[in-house]
Structure formats: C-alpha cells, structure tokens
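A short write-up of the structure that comes next.
The values are calculated or read from the model by the stated rules, or taken from the named source; none is laboratory data. Note that the coordinates shown come from a computational prediction; the quantities given were computed from them, not determined experimentally. Virtual Cβ from ideal backbone geometry, glycine too; neighbours counted across all protein chains shown. Quick note on the areas: whole protein, heavy atoms, side chains included, nothing else; ligands and nucleic acids left out. Shrake-Rupley method; radii C 1.70, N 1.55, O 1.52, S 1.80 Å.
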Amino acid sequence: MERFDKAAEKCAEKVRHSGECLVVSHIDADGLTAAGVTCLALQRLGKAYDVRFLKKLDGAALEDIADRAGRRLVIFTDLGSGAIDQIRELGIDAIVTDHHQPKPGDYPYHINPHLAGLNGATEISGAGVAFLLAMKLGPNADLSTLAIVGAVGDLQDLRTNALVGVNREILELGTAGGYLSYEKDLRLFGRQTRPVYKLLQYSSDPYLPGLSGNEGACIAFLENAGIPIKKDNWRRWIDLARDEKTRAISRLFQHCLACGMPARKVQRLIGEVYTLTKEEPGTELRDASEYSTLLNATARYEYSDIGLAVCMGDRDEAYHTARDLLDVHRRNLVNGLNLVSDRGVIRLANIQYFDAKDAIRETIVGIIAGMSTSLDCVTRDLPIIGLATSGQGVKVSARGNHDLVVRGLNLARAISEAAAAVGGTGGGHDVAAGATIPAGREPEFLALLDRKIGEQINGKA
C-alpha cells in the first residue's frame, strides 16, 4: 500500500480542509462498498456529506454534478478516472478514487492503481482504493471488510481463486485486526445460507454435470456420500463437520472428472473464501461473496440507499429490505441465464454475443454475461458480449478471461474505441468492460468491436 501513500495523503489533506462533501459512486457492489467506506470515514471525521449513485459517468451526469456540487468537494469512488478532462473543464473541485483504466492526463487528486503500475482488475478494487484514502483519514482498519467485499464483488479473486496484490495486503490487515478470516474451501455460492444440496443444485459457475439444476440428483449425491442433508433443519455447508466437507469435496471431484469436466475446471472448485468475523454466522453478511450479491440486489434495482445503509451498519429495516430484493435478483438472474441458454449466442470471428433487448434489465446484463460462460452454448475461446435496452440507448457488457488477456485482450480499450466510433461511451478493465451506445448502431458497433478484439488477440494491436 506504500506506493499509494503520496497520492492518498494529498487527497486526505484536501478532505480535511474541505467543508461538506458530495460522494459520487457506481451502482454495483464495488461502488456501494466504496461509497460505504468513504461515507463512514467522513462520518468519523465529523464531515457532512451527501451521496449520489450513477449507472455511468457521462457528460450529462457530470454537468448535473457540477450544478449540484456548488462549493462542496466531490469525491468520486469507483468511477471518474475516465473523465478527468471533463471534471477539470467543468471546474468541479474533486478527488477521484477509482481503479478503472484512466484516460491520459495528469490530475493532482487522483488515486488509481494503473498510475502506480498495478492492474485495477485484479490487484485492487474501487472499494480498496477508497480504503487507502480512509486509512489516511483516521483509524479505519475495520473498513477493510467492505474493501474485501468490494474486491470479491468485482471478481478480483476469480483469476487465481485468491485475492492478490493490494487486495492481499488489505486482507492481511483486516485479518490481523480480527475483522476478517480466510481459508481454502469449496467456492460454491451460498456456503452460509443455502441448504447444502442447493449449493450444488444452483451452481452455474462452474456448471456441475448431472447436478446443476437437478434437485433430486443433488440430494441423492449427498446421501450416497453419507452426508445427511437434514437434521433438525436443512443443513448448510457451514453446518457440516470437517470430515463431511472433505468427503463431499472428494466425491464432487471424482464425479466431475468422471463426467468429463476438464481437470483445471474441477480444481477451481476449491479456493480461498473470505469471512467477516464480526457478522452473524449463517447470514449473507458473514461471507464476502454472498454479501456482495446482496448489495448487487439493491443498487441494480434502484435501491442504492438500501445497500449503502447495509454497508454502514443497518442490520434492521435496510438489511431485511435488501434480503427481499435479493430474492427478486436471484429469480431475474435465473430467468436471464435461461434466456441466453434457450436463444443461444451469435458468433462472429472474434466475439460471441447475445442481444436481450428488454428481456433482461440493463443493470444485470453484465452479471448474466459473466455467468453465461458456464453454458454449453458459450465458448471460453471468445469474449462474451451482452446487450440490453437502456433508457439512454443500448447497454453493452463484455466479459473475457485470463487466457484471452494473456493473448492480448483489453476489453476496456476495444469497447471504448468502438463505442466512441458510433457516438457512445465505454470503458472498464482488460477482462471486463461496458458501454452505452445509441439504439440502432448495434451492428456497426459489434463489427468494429469484433475487428478491434481480433487485432488484439491476434497480435496486431
């Protein structure tokens, strides 16, 4: 974290000498946790603040922020690095804490891993960058929990099945303080809250052959492994004894290999899991992955205030509302995944895509694009692009993988250039990016994106 000291201290000094602040953040789990970290740090400083959440930071949003800000200091979290020029031109008094690839240009109050030679897709999230600032504002080590939830929500542990880089340093700091713990375990979603058979039944990434989507097969699998699925209540993964977990994992490995799943995919069933030790066991808030999904279920359905309240400690009304929204979110994800499975994807030379139009919410099309890589109709050899109708035109979400990045893929650059060419805007990371483009320009955009990605992964960029 030392390489950020100069930039973080400079930004912290600006905050200390400011009056009221306006926090502007993104609407995903990373954006919510980044805002939570920042707001809690400001609250502990005794600073007044207001919060605004955005789906994207375009020209109209920036002009509105400039009008609303007045004399307030604007703190951008999990966005802003791609809009430094506009922020400067509009005269917004701002600090930018972000991890997305920045546009060229110098700005004195800007904390971004790419400016320190790090990868913002794997080494630190937006919440992590906000945490660096918070640590310069006071004794805020407990906020490491939100930084880790943000990193996991941003899938920063996906490439290696563990958090690395500055994320790792934040994890170790939180663990030393007793706020976090980590261990190697089964990485299927729902370890804290789902009955153990549903852990298998609802697994989509990876897809478990013969088990995913088949409740009866999952129950039989566990019973054949000698693992009772119910005692007084349905047993969750956290309720199993160590020997039961070992037996279940061993049998699951054998089953998947026997069904022809590649060994590298089977091995990814095991990896690091992250526990928030101060949260109630058996709740979504105890596990970083489940916590991040709970937050996505709020902001992506226009209830960012609910997610922020949970981040800031509300375990009553806001938490219960978030759980209700989570039920809706899960149903929508299942429906969206089924839609892609039923319709299939269209393959071009260097990309594959699906156009959901208004059948999938624009705010979750990126999640579904990422989850769809487990479907038979989607190949890992090409990036997957999802499109959905948006109030501003068409929302585009793109997802790649580590193998493609090694070959030269940089989705942020490709999607930004292709979107700009058709009158839209875009950005993100090398492995995951998004854009908004005018309706009716999809064919031209997709052809441009296909060509640009082809140049990248075929060594011509």
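Here is how the numbers come out for the structure above:
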{"read-out": "Residue among 130, 69, 134 that is under 21 Å from residue 289 (Cα atoms), in contact (Cβ under 8 Å) with a residue 40 or more places away in the chain and crowded, with 20+ Cβ neighbours inside 10 Å", "value": "130"}
{"read-out": "Residue 297, sole failed condition from (1) outside any loop (DSSP other than H, G, I, E, B); (2) at pLDDT below 95; (3) surrounded by fewer than 20 Cβ atoms within 10 Å (Cβ to Cβ); (4) of a type outside the set (S, T, N, Q)", "value": "(3)"}
{"read-out": "Subset of segment 138-154 that is touching a Lys or Arg at 6+ places or on another chain (Cβ under 9 Å), surrounded by fewer than 24 Cβ atoms within 10 Å (Cβ to Cβ) and in contact (Cβ under 8 Å) with a residue 12 or more places away in the chain - its residue that is nearest to residue 10 (Cα to Cα)", "value": "138"}
{"read-out": "For residue 211: the one exception among (1) farther than 25 Å from residue 311 by Cβ; (2) open to solvent by 20 Å² or more (accessible area, probe 1.4 Å); (3) hydrophobic (A, V, I, L, M, F, W, C); (4) in a loop (DSSP other than H, G, I, E, B)", "value": "(2)"}
{"read-out": "Complete set of residues in segment 405-417 that are closer than 18 Å to residue 448 by Cα and either aliphatic (A, V, I, L, M) or touching a Ser or Thr at 6+ places or on another chain (Cβ under 6 Å) (or both)", "value": "409, 411, 412, 414, 415"}
{"read-out": "Cβ-Cβ under 7 Å pairs, at least 6 apart or on other chains, segment 41-64 side farther than 17 Å from residue 19 by Cβ and of a type in the set (Asp, Glu), far side assigned to a loop (DSSP other than H, G, I, E, B) and at pLDDT 95 or above", "value": "63/90"}
{"read-out": "Lone qualifier among 439, 412 - being in contact (Cβ under 8 Å) with a residue 40 or more places away in the chain and assigned to a loop (DSSP other than H, G, I, E, B)", "value": "439"}
{"read-out": "Selection within segment 180-189 - within 23 Å of residue 338 (Cβ to Cβ) and surrounded by 21 or more Cβ atoms within 10 Å (Cβ to Cβ)", "value": "188"}
{"read-out": "Filter pass, residue 200 being assigned to a helix (DSSP H, G or I), crowded, with 17+ Cβ neighbours inside 10 Å, under 28 Å from the mean Cα position of the chain (by Cα) and of a type outside the set (Val, Ile, Thr)", "value": "yes"}
{"read-out": "Pairs where the first residue, in segment 223-249, is over 17 Å from residue 187 (Cβ atoms) and free of Cβ contacts under 8 Å to residues at least 24 places away in the same chain and the second is open to solvent by less than 80 Å² (accessible area, probe 1.4 Å) and part of a helix (DSSP H, G or I), C-beta under 7 Å, 6+ apart", "value": "226/247"}
{"read-out": "Output for segment 416-445, where each listed residue is over 24 Å from the mean Cα position of the chain (by Cα) and either open to solvent by less than 10 Å² (accessible area, probe 1.4 Å) or among the β-branched types (Val, Ile, Thr) (or both)", "value": "422, 445"}
{"read-out": "Number of the condition not met by residue 150 [criteria: (1) under 20 Å from residue 402 (Cβ atoms); (2) assigned to a helix (DSSP H, G or I)]", "value": "(1)"}
{"read-out": "Some residue of segment 342-353 being at pLDDT 95 or above, in contact with a Phe, Trp or Tyr (Cβ under 6 Å, 6 or more places away or on another chain) and open to solvent by 20 Å² or more (accessible area, probe 1.4 Å)", "value": "yes"}
{"read-out": "Any chance residue 56 is open to solvent by 20 Å² or more (accessible area, probe 1.4 Å), of a type in the set (Lys, Arg) and more than 27 Å from the chain's Cα centre (by Cα)", "value": "no"}
{"read-out": "Segment 92-117, subset assigned to a loop (DSSP other than H, G, I, E, B) and modelled with pLDDT of 95 or more, residue surrounded by the most Cβ atoms within 10 Å (Cβ to Cβ)", "value": "99"}
{"read-out": "One residue from 319, 303 being under 18 Å from the mean Cα position of the chain (by Cα), surrounded by 13 or more Cβ atoms within 10 Å (Cβ to Cβ) and not aliphatic (A, V, I, L, M)", "value": "303"}
